[in-house]
Amino acid sequence: MASLPPGADSDQLLIEANGSTRTLILNRPKQLNALSSSMIMGLLRCFTAYEKDDGVKVLIMKGKGRAFCAGGDVAAVVRDINNDTWKYGADFFRNEFLLNYIIATYSKPQVSLLAGIVMGGGAGVSLHGRFRVATENTFFAMPETALGLFPDIGASYFLSRLPGFYGEYVALAGARLDGAEMHACGLATHFVQLNRLPLLEESLKKVDTSNPFALCGIIDQFSHQPSLKENSSLNRLEMINKCFSKRTVEEIIYALEQETSNSADEWVAATIQSLKKASPTSLKISLRSIREGRTQTIGECLRREYRMVCHVMRGDFSRDFFEGYTVR
């Protein structure tokens, strides 16, 4: 293991150095690698240090255990807010969003190996990077609307750029996508079988270049085009575009309910149920956020989302956030 930049927590974030490659390993397997404040600060220090280090050409990020990263440790933020003040949460999200921005604008390629669960904050530290490698056991979701929040970490940027109105569906319904679906819609750049990931990783550790085309060529050697399952939501993109293009949440639900009268598709009923179980306030915030994100830069999205999350933590208009994360 390589030494961490000063101040990083070596228990929760492990670093491996191989030539000009640095592998960042999220190491809270019992918590599904949920990002703690110390992990975020450690990652910030690493990315800042490696940006200036000519000896570092490539960053690999992966998780220990059965998850890549199940999100930010927001339950800890809620406990702090309940004990004292929402400003603890403001610091947590500010640092997390700063990390997301640094990753999105980083000059050196990052390869994220998305084995297992990828949710919320886990998407923030991976999907903004250059290469995102999904596998057959990848499980992606942005479940925030069910928890009284909204898809943050710059999600209004990357979800709004998915095909058609698929981003609205993923955000509002908290839809679960597998690796093939992530690859097909563009959230993942490559799909590699799980048993070939160690071989890919070993090849990446031998490179001595930051050239993205050279790295893409290496990843291409291990990847293939996966097939979508018959019941994939992407096979319903026409219906999703028809319903989730509506102007308001109420109109989206009404359009879906109209589809149930024309079809016995269980997917429609399940989607309606997900929307009706979610926080009504979160649904409205999320829809507007995705719509605004479509015409904004990543920096503009993150700044706006930070203002939004501060309002949510202050409980200005709803207490759903505190109920959602306390119940969980």
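The values are calculated or read from the model by the stated rules, or taken from the named source; none is laboratory data. Computed from a prediction, not measured in an experiment: that's the story for all the values here. Using ideal geometry, Cβ is built from the backbone for each residue, glycine included, and neighbour counts are taken over all protein chains shown. Note: accessible area is taken over every heavy atom of the protein model, side chains too, but ligands, DNA and RNA are not part of it. Shrake-Rupley method; radii C 1.70, N 1.55, O 1.52, S 1.80 Å.
Some observations on this one:
- Cα shape, segment 6-114, gyration tensor, a/c 1.5 rule: prolate
- Positive end of the dipole of segment 159-244 (Cβ unit charges, origin at the Cα centre): among His183, Leu204, Asn235, the Cα lying farthest that way belongs to Asn235.
- Carbon and sulfur %, accessible surface of segment 133-254 computed with the full protein complex present, 1.4 Å: 51 percent
- Distance from segment 284-310 to segment 199-247 (C-alpha centre basis), Å: 25 Å
- Here the peptides 285-296, 118-129 are ranked by packing, the mean other Cβ count within 10 Å, and the order with the highest first is 118-129, 285-296.
- Rounded if a/c under 1.5, otherwise prolate or oblate - segment 170-328, Cα gyration tensor axes: oblate
- Neighbourhood charge, 15 Å Cβ-Cβ cut-off, centred on Phe165 and excluding it, Lys, Arg +1 and Asp, Glu -1: +3
- Relative to the Cα centre, the charge distribution of segment 203-328, modelled as +1 at Lys and Arg Cβ and -1 at Asp and Glu Cβ, gives a dipole magnitude of about 480 debye.
- Residues whose amide H comes within less than 5 Å of that of Gly164, counting only those at least five positions distant or on another chain, are absent (H built at 1.01 Å from N in the peptide plane).
- Using θ = phi - 60° in the Karplus curve 6.51 cos²θ - 1.76 cosθ + 1.60, the 3J(HN,Hα) couplings for segment 70-79 round to 8, x, x, 7, 6, 4, 5, 4, 4, 4 Hz; x is entered for Gly and Pro.
- Between Lys206 and Arg291, the simple spin-label model (points 7 angstrom out along Cα→Cβ) gives 5.3 nm.
- Taking the C-alpha atoms only, the angle from helix 87-104 to the longest principal axis of the chain is near 70 degrees.
- Expected 222 nm ellipticity per residue - DSSP helices of 4 or more, -39500 (n - 2.57), all of the chain, to 500: -14500 deg cm²/dmol
- Shape call, the chain: gyration tensor on alpha carbons, a/c limit 1.5: oblate
- Whole-Hz Karplus values for segment 155-172 come out as 5, 5, 7, 7, 6, 5, 9, 6, x, x, 10, 4, x, 5, 4, 4, 6, 6 Hz, taken residue by residue from phi with 6.51 cos²θ - 1.76 cosθ + 1.60 and θ = phi - 60°; glycine and proline positions read x.
- Dipole magnitude (debye, nearest 20) for the chain, charges at Cβ of Lys, Arg, Asp, Glu: 340 debye
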